[in-house]
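The values are calculated or read from the model by the stated rules, or taken from the named source; none is laboratory data. These figures come from a predicted structure and were not determined experimentally. For neighbour counting, all protein chains shown are included, and Cβ atoms are generated from backbone atoms with ideal geometry for every residue, glycine included.
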Amino acid sequence: MHFDRLFVNARLATMAGRGPIVGLIDRGALGVREGRIAYVGSMADLPEDASAGEKTDCLGRLITPGLIDCHTHLVYAGDRAREFERRLEGASYEDIATEGGGIVSTVRATRAASDEALASESLRRLDALMAEGVTTVEIKSGYGLETGSEAKQLRVARSLATRRAVDIKTTFLGAHALPPEARNDRKAYVDALCQEMLPAIARQGLADAVDAFCESIAFSPAEVGRVFDCAKSLGLPVKLHADQLTNLHGAALAASYGALSADHLEHTDEDGVAAMAKAGTVAVMLPGAFYFLRDTNVPPIETCRRHGVPMAIATDCNPGSSPLTSPLLAMNMAATLFRMTVAECLIGFTRAAAQALGCLADRGTLEIGKRCDLAIWNVETPAALVYPMGHDPLERRIFGGRG
Ligand code: DI6
Ligand code: FE
């Protein structure tokens, strides 16, 4: 049996299986052929005739699947440091949005930025994610809010994958905020979203999915329903920013459309979780936003556990509510603030995150046939990844068998 590459003497966190399982293999080996995993198991079970073009001794280090950040807004221009200061002085996130700041201020900066400027600002954030073992990133639009600028954001997002060894999934989030020029006519903007913007984006093949911000300061459930109907008619999967600041029953709405995921969920009730379980919708926890907005409503972790809803975790990297580019810190926050277990934290950035992007068949666990995207860590146990803060033990990142 010949492999292009063979990793030996590794502790493999395969993440394979269902439920809160890390699937640890202590003295493990992982063989690669044509960028895919061709063997994963214990060294003792390796066929005797196993040979390899390249052999790497991992010296007992932990190997996980490459991390998957399944919810980011990392392509944007400018920053919101002044808004942060205003919040320190007592203004709320909602106050700032209502006054025409917040998301809309990033829209102004993003519309004004050239493709190249947008790409180079975004690459800095992408590099930070990759430095912590990320191999797949979801990136949303939503700072353009008109067809040309939304297309620019998604085009730039896609272009990052030609400049770095990483896979990018793009999501159209035209229903993120009402753009300033539409302030007096919500209906006209939602009409434009459904009749012009989304069809144009779909025609250009720029989006893998469609998202919306269902919130009192953003779009109502009825408006989101219109956008989702349109997405469905174009054959695009949906996901939703649901119940972050108030309970508009976004989780149930997302589930009723068979959404890949419902994200945030700080105010989701048990009926919402039950609906997600039935629909197979993944819950995406975003502890960075919870922390940064000093939220106190912990998402329904225990209810998700009881209903068997898979829980992903993501950075939500964005300039307003989660300027976070560290998946490891997000795991630590999920453990500390949400009481998620170490296994759940790892699953959150691997298996469940892949499911939230609809690509679990291809990645998210170490199993034969899947992409060989790996993170090799200078630690021996999963807990040692989750517990430190501001520490990056990444030894090596492998993308498609290379690196
Ligand atoms: N929810 C969030 O947490 C981000 N977007 C959203 O719909 C915040 C985006 C921002 O404030 O710029
Ligand atoms: Fe978000």
Subset of region 293-312 (residues that are at negative phi and of a type in the set (D, E, K, R)): D295, E302, R305, R306
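Would you confirm, using the coordinates I've provided, whether T170 is surrounded by 19 or more Cβ atoms within 10 Å (Cβ to Cβ) and either away from ligand 2 (no atom under 16 Å from the Cβ) or closer than 18 Å to L236 by Cβ (or both)? Even if it seems obvious, please write down each step before you answer.
On the way: surrounded by 19 or more Cβ atoms within 10 Å (Cβ to Cβ): yes; either away from ligand 2 (no atom under 16 Å from the Cβ) or closer than 18 Å to L236 by Cβ (or both): yes.
Yes.
When you scan region 229-319 for strands (runs of 3 or more DSSP E) that lie fully inside it, which ones turn up with 3 or more residues that are modelled with pLDDT of 95 or more and either away from ligand 2 (no atom under 14 Å from the Cβ) or over 21 Å from T341 (Cβ atoms) (or both)?
Values: elements: 239-242, 261-264, 282-285, 311-313.
Hits in region 229-319: 239-242.
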For the subset of region 63-89 comprising residues that are crowded, with 20+ Cβ neighbours inside 10 Å and more than 21 Å from P287 (Cα to Cα), which member is farthest from ligand 2 (Cβ to nearest atom)? I63
For region 165-201, give me each residue that is under 27 Å from L123 (Cβ atoms) and more than 21 Å from the chain's Cα centre (by Cα). P179, M197, A200
Under 6 Å between Cβ atoms, at least 6 apart or on separate chains: pull out the pairs that start in region 313-329 with a residue that is on the phi > 0 side of the Ramachandran plot and end on any residue that is part of a loop (DSSP other than H, G, I, E, B) and near ligand 2 (Cβ under 9 Å from one of its atoms). D316/H71; D316/L286
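Yes or no, residue by residue, for (1) among the hydrophobic types (A, V, I, L, M, F, W, C); (2) surrounded by fewer than 21 Cβ atoms within 10 Å (Cβ to Cβ); (3) under 13 Å from C214 (Cα atoms):
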site: D243; (1), (2), (3): no, no, yes
site: D263; (1), (2), (3): no, no, yes
site: D271; (1), (2), (3): no, yes, no
site: A274; (1), (2), (3): yes, yes, no
site: V298; (1), (2), (3): yes, yes, no
